[in-house]
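Read the structure below first, then the notes.
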Amino acid sequence: MTKVLIIEDDNMLGDTLSLYLQGEEYEVCRVDTIWGGLLQLETRPDIILLDLLLPDSKEKHPCALMREHTSVPIIVISSLTEVSERIRSLTDGADDFVCKPFSMQELKARIEAVLRRYTLLKSSPVVEHDTGISLDLARRTILLNHRRIETTFSEFEIMKLFVAHPGKVFSRYALIEAIRGIDAYIHDRTIDVHITNLRKKIEDNPKTPQYIQTVWGVGYKFTP
């Protein structure tokens, strides 16, 4: 049974989410603080639903804090609707962002989509490349000269696509389809954020990238 960890301090929403997901045959644990969420990581949840406005998360962004302790997929559920907040959450490690209020059916679909992609990655081997970059799909990490580079789920999906198709130019829309699906909302700026983060992690000089190059007016490509 799939385990969902809900970190939400709004009792009404938290209870509604718990009841709905339990009715959909998920195993649910709900806490109302970021500290409680960190403690529940010992139960090995399959996915985390994370509110941003938590009473004990004023010093550090909740996504950044959770990412320091787990690589489990994170879906943010928040009343903060500004594009800047979505970008910050994705930069700090979120794999999706759902604005309140939202449809329970849509949330379930997003959970299933993230878990489906994650399961496919876990069942795959290491993908080698002659650039010194390889992908450990089981552990969802990039290997750069045998050194592990942690990524978010979406960053890894993009890198997987790049490595599988070296030299091919991908538009932002193509990358959106690859990491979210054609029916999910995502802003073009989000792709740019993921690319920037990947460059910081794998490039010697992110400002003059060697591997992930911009094709002006079109998109991006991976150059071995």
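Derivation of every value follows stated rules applied to the coordinates shown; laboratory data play no part. As the structure is a prediction and not an experimental result, all values here were calculated from the model. Neighbour counts run over all protein chains shown; Cβ positions are idealised from the backbone, glycine included.
Note on the range 3-119: Rg/Rh from C-alpha atoms, Kirkwood Rh, equals 0.91. Between Met66, Met12, Met159, which gets the highest mean-square fluctuation from a Gaussian network model of the chain, Cα cutoff 10 Å? The residue with the greatest mean-square fluctuation here is Met12. Compare the Cα positions of Leu5, Leu52, Cys63 along the charge dipole of the chain (+1 at Cβ of Lys, Arg; -1 at Cβ of Asp, Glu; about the Cα centre) and return the one farthest towards the positive end. Of the options given, the answer is Cys63. Structural size metrics of the chain, computed from C-alpha coordinates, are Rg and Dmax of 17.5, 53 Å. For the residues Phe156, Phe102, Phe170, a GNM of the chain with alpha-carbon springs under 10 Å puts the largest fluctuation on Phe102.
Dipole check for the chain: with +1 at the C-beta of Lys and Arg, -1 at the C-beta of Asp and Glu, and the Cα centre as origin, the magnitude is about 880 Debye.
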